[in-house]
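**Student:** Pasting a structure here, questions to come.
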């Protein structure tokens, strides 16, 4: 046949001669033919295989041809059936077609007549199949589109950034739940003018495009404070949406929550102010005293001179410490700390630090006790870091301690950890203060800390050091009773075991 | 000679400033925090007040100055500041700045004396 497909034909007829003859005729023309010698066989064949065409004899001994056709059409409604019969009659033809036959072919038929009918039937069949194919494809396409659309909607509704799209007239056409939340709207009406309901800064971002109605590939961003006092900040970005012909279709606004970022920015600028103040104070103090020395109109006694020199020195020491604290922080932030790991003697370090703080310790009459377990494994760490760690903890223990109070420094070990504890009888911490204790710049501020100075960096440095050793920090404190800082540092296996054995 | 109150939490600044002013013949009273500062001003009625901008909290000095003005204390006020003048000022547009002069730390005694004399002269007292 024309398109290479071999049409399948079923012949159902009790006349053997007709069956064989027609089969031979049709196979000669390239058809694939199967035959059934009675109605029931015809039904069996026609309902188990899909035939393109079927020629069914009307009058058969076992069952009516039309009945056979009905059964076949029940299973394969697209098979094209022709009813053939010697009993040509108008009524028969109508009945056949009524029940689904494509056509009626009177017997006897010439080959030409047969081929003509078959050709018509086959064209019909092809049309049916094609229509079926298109319908299926269209359904699939629609399903795809619906799926894509719902997938897109799901995606848009899931993103945490707020999304709002307006058309060139400023009417809302698309939005997501985040946009509703950020803009504090109960609802957004589609195709309703929305510009005047928006925060003026956001309206301005949109109007940049709406007013010019131009579609240049540009975006505008603004930081918008949607809730006062830095409670909620977004970065809103507006971009044009183009029609296929390049004209402006609308504007899309994306709102990103930057509240956290703004908080950090604020903390940082607060920090800078604070640092600037803290750094200038000792400089101003020393400068002030020096000016007294150089002012000829002012007479200073020897005692005064000594006093001022001494105090200048103390202020400069404090300034140096502050600068070191800041350098430590910035070093750690840049992660450029090169640890020099070696075996360190904790007792030596602690003793040196206590010496350093002798003046402050004596001033408050604090008793310092250092206790350590007998069989201590060796700690391998960077000397400067451990020294810094103890300095900060002991400094706090002194600063926040009561007069005549005490500080206990306890070194012990447990399992794979060495435990360093610094305990004081100081003013302690309130529960709220405990949670923020290691945050940068945090300083406990209550009625008892009025006269205590510091940068708020000491403990954040301690935490960084402990973290860098994969250690653990624990704080226990009771307001007005005292505080204990416990540090767990993991021991390095292998090396330490060897040392211990050597020590034994 | 005029009486001057200095309110600053830094004892070294306080001492040095006091010495500079007393050597020029002024009478000086001091305080190290806003509460004590308020007390000494009320008790002594100084002819001039010197305030540090930041004591326990940022802007402590400004709030104290505002408080003085609200209570109709008209003595001229000099503010010590270690950060640029504009930082930390959170006043409404209509509010008058309660401070008459700023002196940035580190303080130059010459500058301080100059400003003190200018303000006292303007006030009309000596």
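The values are calculated or read from the model by the stated rules, or taken from the named source; none is laboratory data. All values reported here derive from a predicted model rather than from experimental measurement. All Cβ positions, glycine included, derive from the backbone under ideal geometry; neighbour counts span all protein chains shown.
**Student:** Output yes when any residue across region A:316-325 is over 30 Å from residue A:469 (Cβ atoms) and surrounded by 13 or more Cβ atoms within 10 Å (Cβ to Cβ), and no when none is.
**Tutor:** Yes, region A:316-325 contains a residue that is over 30 Å from residue A:469 (Cβ atoms) and surrounded by 13 or more Cβ atoms within 10 Å (Cβ to Cβ).
**Student:** Residue B:62 passes all but one of (1) part of a helix (DSSP H, G or I); (2) at pLDDT 90 or above; which number fails?
**Tutor:** (2)
**Student:** Now for a separate question. How many residues are at pLDDT 90 or above and outside any strand (DSSP E or B) if we restrict to region A:219-232?
**Tutor:** Looking only at that region, the number is 1.
**Student:** Which residues, taken from region A:15-53, are touching a residue at least 40 places away in the same chain (Cβ under 8 Å) and either within 60 Å of the chain's Cα centre (by Cα) or surrounded by fewer than 17 Cβ atoms within 10 Å (Cβ to Cβ) (or both)?
**Tutor:** Matches in region A:15-53: A:15, A:25, A:29, A:49, A:50, A:51, A:52, A:53.
Conditions tested, residue by residue: (1) modelled with pLDDT of 90 or more; (2) outside the structural domain of residue A:322 (by TED's automatic domain parsing); (3) in a helix (DSSP H, G or I); (4) closer than 22 Å to residue A:387 by Cβ.
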| residue | (1), (2), (3), (4) |
| --- | --- |
| A:411 | yes, yes, no, yes |
| A:421 | yes, yes, no, yes |
| A:438 | no, yes, no, yes |
| A:443 | no, yes, no, no |
| A:446 | no, yes, no, no |
| A:455 | no, yes, no, yes |
| A:459 | yes, yes, yes, yes |
| A:462 | yes, yes, yes, yes |
| A:466 | yes, yes, yes, yes |
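**Student:** Consider residue A:184 carefully, then state whether it is within 27 Å of the chain's Cα centre (by Cα), in contact (Cβ under 8 Å) with a residue 24 or more places away in the chain and within 13 Å of residue A:255 (Cβ to Cβ).
**Tutor:** yes
**Student:** Next question, about the same structure. Is it true that some residue in region B:84-93 is modelled with pLDDT of 85 or more and away from chain A (no Cβ under 14 Å)?
**Tutor:** Scanning region B:84-93, I find no residue that is modelled with pLDDT of 85 or more and away from chain A (no Cβ under 14 Å), so the answer is no.
**Student:** If you don't mind, there's one more thing I want to ask. Please count how many residues of region A:94-130 are under 25 Å from residue A:33 (Cα atoms) and assigned to a helix (DSSP H, G or I).
**Tutor:** Number of matching residues: 22.
**Student:** Further question on the same structure: Looking only at region A:260-270, decide whether some residue is surrounded by 16 or more Cβ atoms within 10 Å (Cβ to Cβ), in contact with a strand residue (DSSP E or B) (Cβ under 9 Å, 6 or more places away or on another chain), away from chain B (no Cβ under 14 Å) and in contact (Cβ under 8 Å) with a residue 24 or more places away in the chain.
**Tutor:** yes
**Student:** Of all residues in region A:287-302, which are within 8 Å of another protein chain (Cβ to nearest Cβ) and either in a helix (DSSP H, G or I) or modelled with pLDDT of 90 or more (or both)?
**Tutor:** Scanning region A:287-302 gives A:287, A:288, A:289, A:291, A:292.
**Student:** Considering only residues that are within 14 Å of chain A (Cβ to nearest Cβ) and farther than 16 Å from residue B:80 by Cβ, which ones fall in region B:1-50?
**Tutor:** B:22, B:23, B:24, B:25, B:26, B:35, B:36
**Student:** Across region B:94-118, what is the total count of residues that are surrounded by fewer than 18 Cβ atoms within 10 Å (Cβ to Cβ), modelled with pLDDT of 80 or more and either within 14 Å of another protein chain (Cβ to nearest Cβ) or out of contact with any helix residue (DSSP H, G or I) (no Cβ under 8 Å at 6 or more places or on another chain) (or both)?
**Tutor:** Qualifying residue count, region B:94-118: 9.
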